[in-house]
Amino acid sequence: MTAAVLALWSREVRVFLRDRARVAGVLAQPVLFWAVFGFGFADSVSIPGSDAGYLQYLLPGMVALTVLFTAIYSTLSVVEDRQSGVLQAVLVAPQPRSALVLGILLGGVTLAVGQAAIIGAFAPVVGLRPGLGGVLVALLAGVLLAVTFCAFGFVMAWRLKSGRAYHAVMNVVLIPIWLLSGAFFPEAGASEVVALAMRLNPATYGVGLLRYGLGGLPESVPGTPLSFGACLAVSVAVAVLAFVWATWTARRTP
Amino acid sequence: MAEPVAALDARDLSHRFGPVRALAGVDLAVAPTERVALLGPNGSGKTTLLRIASTRLAPEAGRVAVAGHDVETEPDAVRRRVGVVFQSPALDGALTVREALRFQAALVRVPRAELSLRVDVALADAGLTDRASDRVGTLSGGLLRRLDLARGLLHRPALALLDEPTTGLDPLARDTFWSVLDRRRADGAQLIATHLMDEAARCDRVVILDRGRVVADGTPQALTAALGPDALWLEAEDPATLASALATEGLPGRAIGDRVLVQSPRARDLVADLYARPDVRGVSIQPPTLADVFAARVGQPPATP
């Protein structure tokens, strides 16, 4: 099983790295968003409890955006594998379905966290000083977010027959999840309905954990009333549930 | 001495897709190292049978065992023993040829110590050693098929299931593909679904499926011999009417497509009289082929690839 998981993981990474346009697109998008929104809203938005400015607030959100998009879209490979026939070959191999899920998820997590780390490296530029502990927490947050959204993407990819359907569904789901995660604007100041949606959004807790990490593990972080413990506990629980969901889904014939 | 366990043993196998009956009580056994061709028109149940034997589909009724392991209760054991070559190559175009085989080796649990040697041998076998570092996506159709065959047989399965593996290949590429397949005969049994009669003729046994049932099962020689010494085909304006007319005259004829097949041990003696009939436009007579067997058993000529 280990060899199969490693083989699936390394294939995901190799195939991604060989697609230069995909690599460039995934890296350019958050940087572009960050620059446009950050500078665009710099003088219009103030974050309650912070005087650091919107560019600093937005950076963890862009790290989250990178994780979410890369994690989700990495599982598009499942749809492509079904169309190319590779998935058939995997399914008739003497491997448990959990190995298939684990291999694909590990590949997606590697890509998502790897790219998010590049965006996260801009932290000192906007005055964030995470320190070693903070970096480790931010990495953990990235991994938990990536596992959650890779697993979610896997479930969708397993059920949807075409790449177009996959893109359509993901665009509908992904943008609201990101926007309502506290990545773009804080919960404080949002309407009650939006604040409730943010609390119900599992990504909110991952983004919160990212803020704690990139902020250097402060007592509290600006823009969210969530504690570090709550962010960590919910993020771990959601990641585990998502993985179980993906494994359960994979037991069915796609 | 105990009998060797069959590579494939299907008993009373049935399956439906909604209202469509794909398999209706199929019995089929394939001996170890036997090569069996599975013929039949589109929709006859060939692919369904292969899907069930490879654990991709649970049968509705009946039992299938691969090398003694039940496909439903021991799927993992079955997957260790089958190698599948699909209608379209199951390969990732972004990997190199060697990477594609190493990926497969990991999936089918080739021991780490044997991995490099096994991949090298497979590459050499498929004539792809000099293309090992090229991306799969750059290979021609023929090379792609050979690589896919190497992929499917990498773990030396007890039963290789090949579903129309040469579709779309030119005759030269098909010949090369079969040479590779020939070299892997000793590994295990081969069950090959095909539309091509010359491919079926290269097998030890031919099984013809029609509407989910086995309508013929035997060696190519036995099946053709059963048609008689000659296959007599008549061309007619109205084949069905001609067949009926011949039947009233005590001559067994069957309208198949736009012709009538006459099965008679006296076929040669009948040629002149039949040719003289006004309702016959032409006569051809030759030793029977598998295409004639197919036509006689299925009631339609084999599909032209």
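The values are calculated or read from the model by the stated rules, or taken from the named source; none is laboratory data. Quantities reported herein were computed from a predicted structural model and do not represent experimental measurements. Every residue, glycine among them, receives a Cβ derived from its backbone with ideal geometry; neighbour counts consider all protein chains shown. Just the protein is used for accessible areas: all its heavy atoms, side chains included, with ligands, DNA and RNA removed. Shrake-Rupley method; radii C 1.70, N 1.55, O 1.52, S 1.80 Å.
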Q) For region B:49-104, max minus min Cα coordinate along each principal axis, in Å, sorted largest first? A) 41, 20, 13
Q: Per residue of A:76-86, count partner chain C-beta atoms within 10 Å of its C-beta, then hand back the mean as an integer.
A: 3
Q: Please figure out what share of the DSSP beta bridges in the protein assembly as shown is antiparallel and state it in percent, rounded to the nearest 5.
A: 65
Q: Step through the residues of region A:88-101 one at a time and calculate ³J(HN,Hα) from phi using the Karplus curve (6.51 cos²θ - 1.76 cosθ + 1.60, θ = phi - 60°), rounding each to whole Hz and writing x for Gly and Pro.
A: 4, 5, 5, 6, 8, 7, x, 10, x, 4, 5, 5, 4, 4
Q: With 20 Å bins from zero, work out the P(r) of chain B over every alpha carbon pair and list the percent per bin.
A: 31, 50, 18, 2
(Q) As I understand it, the value is the acute angle between the Cα axis of helix B:171-183 and the longest principal axis of the Cα atoms of chain B; what does it come to in degrees, rounded to 10? (A) 60
Q: Measure out, as a whole number of angstrom, how far apart the alpha-carbon centroids of region A:123-140 and region B:248-305 sit.
A: 84
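Calculate how large, on average over all directions, the projected area of the Cα convex hull of chain A is; give the answer in nm² to one decimal.
For chain A, the mean projected area of the Cα convex hull comes to 13.3 nm².
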**Q.** Part-to-part distance (alpha-carbon centres) for region A:218-241 and region A:149-173, which is given in Å
**A.** 26
(Q) Bins of 10 Å, beginning at zero and ending with the bin holding the largest distance: percent of Cα pairs per bin for the protein assembly as shown, please. (A) 3, 16, 21, 18, 14, 11, 8, 4, 3, 1, 0
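Quick one: putting +1 on the C-beta of Lys and Arg, -1 on the C-beta of Asp and Glu, what dipole do you get for chain B around its Cα centre, in Debye to the nearest 20?
Numbers: 37 positive and 39 negative charges, 181 e Å.
The calculated dipole for chain B is roughly 860 debye.
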Q: Let me know the Kirkwood hydrodynamic radius for region A:203-254, please, with Cα pairs as the basis and the value in Å to one decimal.
A: 12.2
Q: Arrange the peptides A:7-16, A:102-111, A:26-35 so that the one whose residues have, on average, the most other Cβ atoms within 10 Å appears first.
A: A:102-111, A:7-16, A:26-35
Q.
Could you give each residue of region A:53-69 its phi-based ³J(HN,Hα) in whole Hz, using Karplus coefficients 6.51, -1.76, 1.60 with θ = phi - 60°, and x for Gly or Pro?
A. x, 6, 4, 5, 4, 6, 4, x, x, 6, 4, 5, 4, 4, 4, 4, 5
Q. Using unit Cβ charges (K, R positive; D, E negative) and no other charged atoms, how large, in debye to the nearest 20, is the dipole of the protein assembly as shown about its Cα centre?
A. 920
Q) Using alpha carbons only, how many degrees (0 to 90, rounded to 10) separate the axis of helix A:163-179 from the longest principal axis of chain A? A) 20
**Q.** Over region A:164-254: Rg over Rh, Cα atoms, Kirkwood Rh
**A.** 1.05
Q) Looking at region B:1-94, which GluC sites (Glu not before Pro) are in a loop (DSSP not H, G, I, E or B) and have at most 14 other Cβ atoms within 10 Å? A) B:GLU60, B:GLU72
**Q.** Sparse-neighbour loop sites [trypsin sites (Lys or Arg not before Pro); region A:137-175; at most 13 other C-beta within 10 Å; DSSP]
**A.** A:LYS161
Q) Which one of B:SER140, B:PRO157, B:ALA200 is farthest out on the positive end of the charge dipole of region B:135-206, using unit charges on Cβ (Lys, Arg +1; Asp, Glu -1) and the Cα centre as origin? A) B:PRO157
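Could you work out the mean count of beta carbons from other protein chains within 10 Å of each residue's beta carbon in A:88-101?
Mean shielding count: 6.
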Q: Can you tell me the order of B:128-134, B:148-154, B:51-57 when each peptide is scored by its average per-residue count of other Cβ atoms within 10 angstrom, highest first?
A: B:148-154, B:51-57, B:128-134
Q: With a 1.4 Å probe and every protein chain kept in, tell me what percent of the accessible surface of region A:64-111 is carbon plus sulfur.
A: 66
Q. What average count of beta carbons from other chains do you get within 10 Å of the Cβ of residues in A:4-10?
A. 3
Q. Pairing the Cα long axis of helix B:97-107 with the longest principal axis of chain B, what angle in degrees results, from 0 to 90 and rounded to the nearest 10?
A. 80
Q: With a 10 Å radius around each residue's Cβ, average the other Cβ atoms per peptide and rank B:95-103, A:240-248, B:180-188, highest first.
A: B:95-103, A:240-248, B:180-188
Q) For region B:1-141, what is the charge dipole size about the Cα centre, in debye to the nearest 20, if Lys and Arg each add +1 at the Cβ and Asp and Glu each add -1 at the Cβ? A) 300
Q.
I need the phi-derived Karplus couplings for region A:224-229: 6.51 cos²θ - 1.76 cosθ + 1.60, θ = phi - 60°, integer Hz, Gly and Pro marked x.
A. 9, x, 6, 7, 4, x
